[in-house]
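Below: one structure, written as structure tokens.
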Amino acid sequence: MKSIALITIGQSPREDIVASMFGSTSPEGLIERGALDHLSSAEIDELTPRPSEHPLVSRLRDGSEVVIAKERLMPHMQTAVDSAIGDGAGLVVILCTGEFTQLSVPVPAVYPDRVLGHVVEAVLPKGRVGVMLPHPGQMQSMCDKWRTYTRTFDGVAVSPYTGAEELSRQATCLKERGADLIVLDCMGFDLMMKRTVAVASGLQVILANRLVGRVVEELTSAGVDD
């Protein structure tokens, strides 16, 4: 099996996401690349979203949060993908739940937005989905993403890099407003955050990065022992 490449919209490595995706059994030989890996602080600052641009939220290598414009990030994402392919990646995993249809990936790829969308459609085709999203500037696009003829949408903006108290407060709000299920729609939310949200809301919670991790495990597993 060729190497698995994890491509973050921020800077690599992302030990936090890897730990949440795979626990203590992460695949060997992971290739990690970040769209911002080779950019200076000034160059990253230049990617700050303008009013008409779509904001994405990620983390830098020093642990700080960064908000970047998706439109101007795309060439850097393509560079990160190309670098991983050049180093032998046979499977590419995008570490963001946004849409990345513009990327050119010549090997099999896992896009979290597609995985997440189909799973939610399977378990909650009707009802009210509560969504935790990382930036208020994503609210309309998230509404467009999750609302259907038979499913209503309720979103709250809460950074995955905030504290447990705010996560609990927002989870309680979604529950009180009638959510049937909560989706943590950002790869930065981790397993501990899922537990916090589940305890505060009493609802079932879908964690994007763990769901994607299980898909990767299924794709790369040699088989199940008898």
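Send over the Kirkwood Rh of the chain, from the inverse of the averaged 1/r over different Cα pairs, rounded to one decimal Å.
One decimal place: 18.0 Å for the Kirkwood radius.
When a/c reaches 1.5 or more, the comparison of a/b and b/c decides; with that in mind, is region 34-87 rounded, prolate or oblate per its Cα gyration tensor?
Note, shape of region 34-87 comes out oblate.
Under a cut-off of 15 Å between alpha-carbon atoms, report the aspartates and glutamates in cross-link reach of Lys194, not counting same-chain residues fewer than 8 places apart.
Lys194 reaches Asp16, Glu165, Glu166, Asp185.
Given only helices, namely DSSP H runs of n ≥ 4 each adding -39500 (n - 2.57), what is the per-residue ellipticity at 222 nm of the chain, to the nearest 500 deg cm²/dmol?
Theoretical 222 nm ellipticity from helices: -11500 deg cm²/dmol.
Counting Lys +1, Arg +1, Asp -1, Glu -1, what net charge surrounds Gln204 among other residues with beta carbon under 14 Å of its beta carbon?
Residues close to Gln204 contribute a combined charge of +4.
For region 114-210, compute the orientation-averaged projected area of the C-alpha convex hull (one quarter of its surface), in nm².
About 5.4 nm², averaged over all directions.
Would you pull out the residues with amide H under 5 Å of Ser3's amide H, same chain only if 5 or more places away, H placed 1.01 Å from N?
Gly90
Provide the FRET efficiency to the nearest 0.05 for the Met192-Ser141 pair, computing r from the beta carbons and using R0 = 35 Å.
0.85
Could I get the Rg over Rh figure for region 149-200? Both from C-alpha atoms, Rh via Kirkwood, rounded to two places.
Across region 149-200, the Cα-based Rg/Rh ratio is 0.95.
Each reported figure results from applying straightforward, stated rules to the coordinates on display, with no laboratory input. This is a predicted model, so every value here is computed, not measured. Neighbour counts are summed over all protein chains in view; Cβ atoms, including those assigned to glycine, are modelled from backbone coordinates with ideal geometry.
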